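The values are calculated or read from the model by the stated rules, or taken from the named source; none is laboratory data. Predicted model only: the values in this text are computed from it and were never measured. Every residue, glycine among them, receives a Cβ derived from its backbone with ideal geometry; neighbour counts consider all protein chains shown. These accessible areas exclude ligands, DNA and RNA; they are computed on the full protein's heavy atoms, side chains included. Shrake-Rupley method; radii C 1.70, N 1.55, O 1.52, S 1.80 Å.
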Amino acid sequence: DLAKIFNGPIQGNVGAKIDAIEKLLDSTLTRLDEYQAFVSSMQANRKEAEEKIVPQLLARVENIEKIFMQIDKIEAFVNLLEESATKMEDRVRQVDNAFGDNKLKKFIGSLLRNEAAEENKSFEW
């Protein structure tokens, strides 16, 4: 449009064409100002993220890593307990097979009665 105005012959109302060009330039300058404000805002947000948010995130990551290490230790402990319980169950089955149900119940019952009797004796005045 500008090339036609400056290179072509002067025709008609030049003032109207200049007004149209001024409006177009004002609109373009307004959009450039808005874009510059947007870019400045993004730069400020980036600086804030670099200075505040990123260090906070790194600290959280360290805490999470410590928690994961604790979870791994607890998991290993639970596995150890599970193995011990499995061994104990196997041993109970072996004893049960060796003594039979009635013999085992009688044996455990006699142990409990003996233990209760010893407790009663120790509390006598």
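Of 29, 104, 25, all but one fail to be touching a helix residue (DSSP H, G or I) at 6+ places or on another chain (Cβ under 6 Å) and either at pLDDT 80 or above or surrounded by 10 or more Cβ atoms within 10 Å (Cβ to Cβ) (or both); the exception is 104.
The residue pairs whose first member lies in the stretch 37-60 and is free of Cβ contacts under 8 Å to residues at least 24 places away in the same chain, whose second member is surrounded by fewer than 10 Cβ atoms within 10 Å (Cβ to Cβ), and whose beta carbons are closer than 7 Å, counting only pairs six or more residues apart or on different chains, do not exist in this structure.
With respect to (1) at pLDDT below 90; (2) assigned to a helix (DSSP H, G or I); (3) over 44 Å from the mean Cα position of the chain (by Cα), the lone exception for residue 12 is condition (2).
Could you pull out the residue among 34, 83, 62, 89 that is open to solvent by 80 Å² or more (accessible area, probe 1.4 Å), in a helix (DSSP H, G or I) and at pLDDT below 90? Write out each step before concluding.
Details: 34 fails: at pLDDT below 90; 83 fails: at pLDDT below 90; 62 fails: at pLDDT below 90.
Answer to the selection: 89.
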